[in-house]
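To start, the structure under review is shown below, and the notes come after it.
The values are calculated or read from the model by the stated rules, or taken from the named source; none is laboratory data. This structure is a prediction, so every number in the text was calculated from the model and none was measured. Cβ: placed from backbone, ideal geometry, glycine included. Neighbour counts: every protein chain shown.
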Amino acid sequence: HIPNDTILYLNGVSVSFDGFKAINGLSIVLKEGELRAIIGPNGAGKSTMMDIITGKTRPDVGDVYFKQDIDLTKHDEADIANLGIGRKFQKPSVIETLTVWENLELALAGNRTPWQSLVFKLTNKDKDRLDEMANYINLGDQKNTLAGDISHGQKQWLEIGMLLLQEPEVLLVDEPAAGMTDEETFKTADLLRDVAKSRSVIVVEHDMEFVKALDCKVTVLHEGSVLSEGPLDVVQQDEQVIEVYLGR
Ligand code: ADP
Ligand code: MG
């Protein structure tokens, strides 16, 4: 029953915390190679939705599938990451006492078993790959700078680069533009649009200028379910969306 170009399939998903329904009959379908923005007021359930996809939170009811046949409710967080679903949390978690390059190197080594990473030596091909990634995330000139000394926005890019080195099929990104300058915000939209050429990307975001720059289908969440879905200019005209955002 799941179309074969589907990469993520959520159907009738609900989850309660102490009797409070944070997610309430949520259904979302993401196609292979799709870029999707998820917006919605605080507490709408955006982060909880990400928690459900990544196995951090188990739904009480509902289907959560990766592709057509992988039931994500039967897998744990580590499994799901290994299946190819990468997640970037809101706060960057780069190692500040290492350089940009060393952080990328660590992410590449992270694909290996503990024993392999102990004896892990970068090949020339690996080095080229790290160079390419540094350039790709706009940090080509900062390779030898400590991650603690780059801007907040650059840390977000570094973390996206680290995730991309793991070659996820789906990338989930929670509020990447928070705390970014306008220039960084637009560069991030460009970056994520390019990432979505080779994989599927879900971006949770508040910044409407950023969402506009992503130029993709938008899903509006409210009280744990989908309130509206479509192009940004269409959902922005939706009476229910206007009501929720203006708090009438
Ligand atoms: P958003 O990311 O859209 O701001 P969240 O998914 O973080 O919203 O939260 C949705 C609702 O669920 C909120 O009311 C929040 O307080 C509640 N919630 C989320 N996680 C938990 C938890 N672990 N325990 C209790 N309540 C939670
Ligand atoms: Mg959130």
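What are the residue pairs meeting all of these: first residue in region 25-54, first residue within 9 Å of ligand 1 (Cβ to nearest atom), second residue of a type in the set (Ser, Thr, Tyr) and modelled with pLDDT of 95 or more, Cβ atoms under 6 Å, and 6 or more apart or on different chains?
Partner pairs satisfying both residue conditions: ILE38/THR219; ASP51/THR57.
Only one residue in GLU184, GLU175 is under 20 Å from ASN135 (Cβ atoms) and in contact with a His (Cβ under 9 Å, 6 or more places away or on another chain). Which one?
GLU184
Kindly indicate which of ASP194, ASP233 is acidic (Asp, Glu), away from ligand 1 (no atom under 16 Å from the Cβ), outside any strand (DSSP E or B) and more than 30 Å from GLU105 (Cα to Cα).
Of the residues listed, the single one that is acidic (Asp, Glu), away from ligand 1 (no atom under 16 Å from the Cβ), outside any strand (DSSP E or B) and more than 30 Å from GLU105 (Cα to Cα) is ASP233.
Quick check: is even one residue across region 181-188 crowded, with 19+ Cβ neighbours inside 10 Å and either of a type in the set (Phe, Trp, Tyr) or part of a loop (DSSP other than H, G, I, E, B) (or both)?
For region 181-188, residues crowded, with 19+ Cβ neighbours inside 10 Å and either of a type in the set (Phe, Trp, Tyr) or part of a loop (DSSP other than H, G, I, E, B) (or both): absent.
What strands (runs of 3 or more DSSP E) completely inside region 15-86 contain at least 3 residues that are under 16 Å from VAL218 (Cα atoms)?
Output list reads 20-31, 35-39.
Output the residue which, of all residues in region 32-78 that are on the phi > 0 side of the Ramachandran plot and surrounded by fewer than 16 Cβ atoms within 10 Å (Cβ to Cβ), is farthest from ligand 2 (Cβ to nearest atom).
Looking at residues that are on the phi > 0 side of the Ramachandran plot and surrounded by fewer than 16 Cβ atoms within 10 Å (Cβ to Cβ), I get GLY33.
Need the failing condition index for LEU214 against (1) more than 16 Å from ligand 1 (Cβ to nearest atom); (2) surrounded by fewer than 17 Cβ atoms within 10 Å (Cβ to Cβ), just the number.
Evaluating LEU214 over (1) more than 16 Å from ligand 1 (Cβ to nearest atom); (2) surrounded by fewer than 17 Cβ atoms within 10 Å (Cβ to Cβ) leaves (2) as the failure.
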